[in-house]
């Protein structure tokens with residue numbers, strides 16, 4: 001077993017994360033657990049979770065901004081992509097929180113780390129957007145690159161949650 005796999009297994013088995021997971025659960029009103037809007041956010045009309053597809057938009061926009069950041073003269077376009085990524089992030093959060101209600105305890109431990117990592121990434125991108133807007137493009141790019149690193153880590157954790165832990169798998173009848 002690789003060191004990375006051991007780390008991901010450690011996350012899902014860390015009982016100390018239960019308190020944070022419970023706090024996230026408390027944010028979600030019981031009325032939303034069985035609600036038509038929640039069913040849509042979970043992807044019931046698709047027959048599979050919507051979250052993995054929805055996150056592609058902010059991730060793609062954020063990572064595209066990183067590509068433009070290494071091309072001279074493209075700072076304005078990169079900032080525009082960061083702004084678009086920030087605008088689409090709430091949809092990714094909403095679909096993820098809708099999925100939360102279907103997770104077991106070990107999956108919630110992993111999901112709380114996934115959520116925290118992506119929250120930090122989004123905070124980096126918000127700071128990057130503001131810094132760029134205030135005429136500090138180098139600082140904005142550097143904070144954006146930190147956000148890209150966190151997006152990668154969050155995606156890795158989300159992949160573990162989906163593929164190794166089976167979150168969202170065979171949950172809804174097709």
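Coordinate-derived values only; no laboratory data. This one's a predicted model, so the numbers in the text were calculated from it and none came from an experiment. Backbone-built Cβ (ideal geometry, glycine too); neighbour counts: all protein chains shown.
So the check is Cβ under 6 Å with 6+ separation or different chains; which pairs have a first residue in region 153-168 that's under 21 Å from residue 40 (Cα atoms) and a second one that's not in a helix (DSSP H, G or I)?
Between residues of region 153-168 that are under 21 Å from residue 40 (Cα atoms) and residues that are not in a helix (DSSP H, G or I), the close pairs are 161/167; 167/103; 168/49.
Does residue 168 satisfy being part of a loop (DSSP other than H, G, I, E, B) and closer than 30 Å to residue 1 by Cα?
Against the criterion (part of a loop (DSSP other than H, G, I, E, B) and closer than 30 Å to residue 1 by Cα), residue 168 qualifies.
Any residue that is more than 20 Å from residue 161 (Cα to Cα) and under 15 Å from the mean Cα position of the chain (by Cα) - is there at least one of those in region 66-80?
no
Can you tell me which residues in region 4-15 are surrounded by 14 or more Cβ atoms within 10 Å (Cβ to Cβ) and either free of Cβ contacts under 8 Å to residues at least 40 places away in the same chain or assigned to a helix (DSSP H, G or I) (or both)? So that I can check it myself, show each step before the final result.
Step one: filter region 4-15 for residues surrounded by 14 or more Cβ atoms within 10 Å (Cβ to Cβ), giving 8-9, 11-12, 14.
Correct list: 8, 9, 11, 12.
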